[in-house]
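Read through the structure below, which is laid out as structure tokens, and then see the notes.
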Amino acid sequence: MAGGAKRTLIVGGVRSGKSRLAERLALESGLPVVYVATARADDAEMRRRIAEHQRRRRADWHLVEEPLELAEALAQACAPDRCVLVECLTLWLTNWLMRTDESGLHDQMQGLLAAAAHAPGRLILVGNETNMGVVPLGELSRRFCDLAGGLHQDLAARCDQVILSVAGLPLALKGPAP
């Protein structure tokens, strides 16, 4: 495992290089990889982004598409002899916030935190850092930023390695350098 890290959280802005870094770390783990994708192909632009990720992914990586029940997906995918890469936490959170019924979100977040803390094998989590600018005007946008920021902080506390990716350059915030 890269630098001895078992659980890694990678955050960064859009197009910051976080996905490529996560994919590299998964490959370097030397373990079979399960790629847990949370995106929904709801529009042409998202379908294009998904296709780009698919082209980069290795054919031998197992794909799990799970837009909502992430804790359950991790419980099934994580194993001592496996690397699980989750792409992306903030899309997963958006999926929940766009539902008419968010009643399961709190339980899912708690389940995700527990899964991350106790995941066997290698776990790599990717999320967009959204809280480095001005406070958004809309209530939903502020709620999203608050939830994403809290989730990232809680996950960072449970991870051995936390990396900020900016302009394709990884900065180790916690744990070994990538």
Subject >> Among (1) touching a Leu at 6+ places or on another chain (Cβ under 9 Å); (2) open to solvent by 30 Å² or more (accessible area, probe 1.4 Å); (3) modelled with pLDDT of 95 or more - the single one L125 does not satisfy >> reply: (2)
**OP:** Take the residues in the range 58-69 that are aliphatic (A, V, I, L, M) and in contact with a strand residue (DSSP E or B) (Cβ under 7 Å, 6 or more places away or on another chain), then tell me which one is surrounded by the most Cβ atoms within 10 Å (Cβ to Cβ).
**Re:** V64
**OP:** Report those strands (runs of 3 or more DSSP E) wholly inside the range 62-138 carrying at least 3 residues which are among the aliphatic types (A, V, I, L, M) and out of contact with any Asp or Glu (no Cβ under 6 Å at 6 or more places or on another chain).
**Re:** 83-87, 122-128
**OP:** Would you mind stating whether L25 is in a helix (DSSP H, G or I), touching a Ser or Thr at 6+ places or on another chain (Cβ under 6 Å), on the phi < 0 side of the Ramachandran plot and open to solvent by less than 80 Å² (accessible area, probe 1.4 Å)?
**Re:** no
**OP:** For the range 32-57, enumerate the residues that are open to solvent by 50 Å² or more (accessible area, probe 1.4 Å) and among the aliphatic types (A, V, I, L, M).
**Re:** A41, A44
Original post:
When you scan the range 95-105, how many residues do you find that are in contact (Cβ under 8 Å) with a residue 40 or more places away in the chain and buried (at least 19 other Cβ atoms within 10 Å of the Cβ)?
Top reply: 0
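The values are calculated or read from the model by the stated rules, or taken from the named source; none is laboratory data. Computed from a predicted structure; not experimentally measured. Positions of Cβ are backbone-derived with ideal geometry, glycine not excepted, and every protein chain shown enters the neighbour counts. Remember, those area values only see protein heavy atoms, side chains included, never the ligands or the DNA or RNA. Shrake-Rupley method; radii C 1.70, N 1.55, O 1.52, S 1.80 Å.
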